[in-house]
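> Please see the structure below; I have some questions.
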Amino acid sequence: MPYSENAIRKMLPKTYRRKHVAHDTYVALSHFQSLVPMMDAYVYNDGTTKNLMSLSGTIPVLFEEVTYNIPVCVWIEASYPQTAPICYVTPTCDMMVLSGKYIGSNGEVLLPYLEDWKNGKCDLVSLLQVMIVTFADLPPMCMKPHPEPEEAPCWLQFHRQAEVLPTTDGSLYLNLAGEDDLPFQQENETNC
């Protein structure tokens, strides 16, 4: 594993309970190796920004006998483990959030496990496991539907290709194709 507990501890500001957060993060990374720890700016709903530890990556969710890698981001505040992490599903550009009972329209994860968070009884690994089980029953996102090919706008449906063609005597005439892409009859042609 690329991150040691000591390396994680060094990433954390002194405002964190560094030893505890580093240990919980290290254990979570040993179970979920696609997650990556980093310090990053988190913007709260009131617009304030704080530099927080985050775990970003995917968690494996089995849905209808197929394993999907669900992208998530778990934000760990300096008050952890007294307070629960802030969790989001983070869809790629090809995905969309399915808001519902446990997912907000912005992708925020709203699990009872987070609401009932208890220091000493709850941890990152358990949280991620609860997310996996919950998402297997209620997927938090899906692939965006591919747009249907657009029908031609009204004006284009009646647009005809016109050609200016020379005649054998050197004059020009305008040839308009009909709906069947065959030329109009001779009486509909215009000599120029």
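The values are calculated or read from the model by the stated rules, or taken from the named source; none is laboratory data. Quick caveat, the model's predicted, so the values are computed rather than measured. Glycine gets a Cβ as well: all are built from the backbone with ideal geometry, and neighbour counts include every protein chain shown. To get the accessible areas, we keep the full protein, side chains included, count just its heavy atoms, and leave off ligands, DNA and RNA. Shrake-Rupley method; radii C 1.70, N 1.55, O 1.52, S 1.80 Å.
> Specify which of the listed residues (105, 99, 56) is of a type in the set (S, T, N, Q), surrounded by 13 or more Cβ atoms within 10 Å (Cβ to Cβ) and without any contact (Cβ under 8 Å) to a residue 24 or more places away in the chain.
99
> With respect to residue 93, determine if the residue is at negative phi and open to solvent by 60 Å² or more (accessible area, probe 1.4 Å).
Considered against the rule, which asks whether it is at negative phi and open to solvent by 60 Å² or more (accessible area, probe 1.4 Å), residue 93 comes out as yes.
> Filter the stretch 64-76 down to residues that are surrounded by 14 or more Cβ atoms within 10 Å (Cβ to Cβ) and under 19 Å from the mean Cα position of the chain (by Cα), then give me how many there are. Before you say what the answer is, go through the steps one by one.
We begin by selecting, within the stretch 64-76, every residue surrounded by 14 or more Cβ atoms within 10 Å (Cβ to Cβ); these are 68, 70-76.
Then keep just the ones that are under 19 Å from the mean Cα position of the chain (by Cα); that gives 68, 70-75.
So the answer is 7.
> Of the residues 80, 88, only one is in a loop (DSSP other than H, G, I, E, B), in contact (Cβ under 8 Å) with a residue 12 or more places away in the chain, hydroxyl-bearing (Ser, Thr, Tyr) and crowded, with 19+ Cβ neighbours inside 10 Å; which?
The unique qualifying residue is 80.
> List pairs: first in the stretch 115-132 and under 17 Å from residue 83 (Cβ atoms), second of a type in the set (Asp, Glu) and open to solvent by less than 70 Å² (accessible area, probe 1.4 Å), Cβ under 7 Å, 6+ apart or cross-chain?
The qualifying pairs are 123/24; 124/24.
> For the subset of the stretch 113-143 comprising residues that are polar (S, T, N, Q) and part of a helix (DSSP H, G or I), which member is nearest to residue 93 (Cα to Cα)?
Residue satisfying both the conditions and the ranking: 134.
> Looking for something open to solvent by 90 Å² or more (accessible area, probe 1.4 Å), modelled with pLDDT under 90 and among the hydroxyl-bearing types (Ser, Thr, Tyr) - is there at least one such residue anywhere in the stretch 151-169?
Taking every residue of the stretch 151-169 in turn, at least one turns out to be open to solvent by 90 Å² or more (accessible area, probe 1.4 Å), modelled with pLDDT under 90 and among the hydroxyl-bearing types (Ser, Thr, Tyr).
> Looking at this structure, is residue 58 modelled with pLDDT of 95 or more, out of contact with any Asp or Glu (no Cβ under 6 Å at 6 or more places or on another chain) and not in a strand (DSSP E or B)? First the steps, then the outcome.
Numbers: modelled with pLDDT of 95 or more: yes; out of contact with any Asp or Glu (no Cβ under 6 Å at 6 or more places or on another chain): yes; not in a strand (DSSP E or B): no.
No, not satisfied.
> Every residue in the stretch 1-55 that is closer than 19 Å to residue 72 by Cβ and in a strand (DSSP E or B), please.
Correct list: 36, 37, 38, 39, 40, 41, 42, 43, 52, 53, 54, 55.
> Here are 22, 41, 7: which of them is under 22 Å from residue 107 (Cα atoms), of a type in the set (A, V, I, L, M, F, W, C) and either without any contact (Cβ under 8 Å) to a residue 12 or more places away in the chain or open to solvent by less than 40 Å² (accessible area, probe 1.4 Å) (or both)?
41
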